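Asks: Quick one: the structure is below, and I'll ask about it shortly.
The values are calculated or read from the model by the stated rules, or taken from the named source; none is laboratory data. Just so it is clear, the model here is predicted, and its values are computed rather than measured. For neighbour counting, all protein chains shown are included, and Cβ atoms are generated from backbone atoms with ideal geometry for every residue, glycine included.
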Amino acid sequence: MKSPAASNVINVTTATAETSDGAAKALRKKEFLDRVIAETGAKKKDAKAVVDATLKLLGDALAAGETLVLPPFGKAKVNRQKHEGETLLVKLRRGAATNSQEKSGKEALAEADE
């Protein structure tokens with residue numbers, strides 16, 4: 001039986017996406033919104049409001065020089081800022097995809113029905 005928190009986990013895969021001319025592929029807001037809707041099953045109106053608010057808060061935090069620590073996304077911090085917040089060079093560090101059980105080396109407790 002899954003715990004309620006386990007149903008909120010989103011699987012993230014990392015891949016290098018390139019276009020046919022070798023340039024890096026960009027994930028645009030509309031496509032990102034479509035992926036969120038597909039992943040969560042949320043209504044477009046509801047998901048759009050959440051995505052818009054999330055992106056605004058992330059942008060505001062980076063512009064203020066805050067470090068973002070958002071697993072499984074990673075740790076993002078501003079390396080350089082040019083022209084008073086107009087251009088930010090952000091460093092993103094992503095750790096290996098491991099679960100907390102592997103990190104601690106401990107065995108999980110048995111489920112209630114075991």
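Asks: Kindly indicate whether any position in the stretch 38-45 is surrounded by 11 or more Cβ atoms within 10 Å (Cβ to Cβ) and over 26 Å from residue 95 (Cβ atoms).
Replies: In the first step, residues of the stretch 38-45 are kept if they are surrounded by 11 or more Cβ atoms within 10 Å (Cβ to Cβ); the result is 39-40, 42, 44.
From what's left, over 26 Å from residue 95 (Cβ atoms): 42, 44.
Checking the stretch 38-45: at least one residue is surrounded by 11 or more Cβ atoms within 10 Å (Cβ to Cβ) and over 26 Å from residue 95 (Cβ atoms).
Asks: Looking only at residues that are modelled with pLDDT of 90 or more and of a type in the set (A, V, I, L, M) in the stretch 65-84, which one is farthest from residue 29 (Cα to Cα)?
Replies: Taking the candidates together, the pick is 69.
Asks: Looking only at the stretch 1-37, filter to residues that are assigned to a helix (DSSP H, G or I) and either touching a helix residue (DSSP H, G or I) at 6+ places or on another chain (Cβ under 8 Å) or under 21 Å from residue 94 (Cβ atoms) (or both); which one of those is modelled with the lowest pLDDT?
Replies: First, the residues of the stretch 1-37 that are assigned to a helix (DSSP H, G or I): 4-8, 29-37.
Then drop every residue that is not either touching a helix residue (DSSP H, G or I) at 6+ places or on another chain (Cβ under 8 Å) or under 21 Å from residue 94 (Cβ atoms) (or both), which leaves 8, 29, 31-33, 35-37.
Working: 8: 38, 29: 96, 31: 97, 32: 96, 33: 97, 35: 97, 36: 96, 37: 97.
Applying the filter and picking the extreme gives 8.
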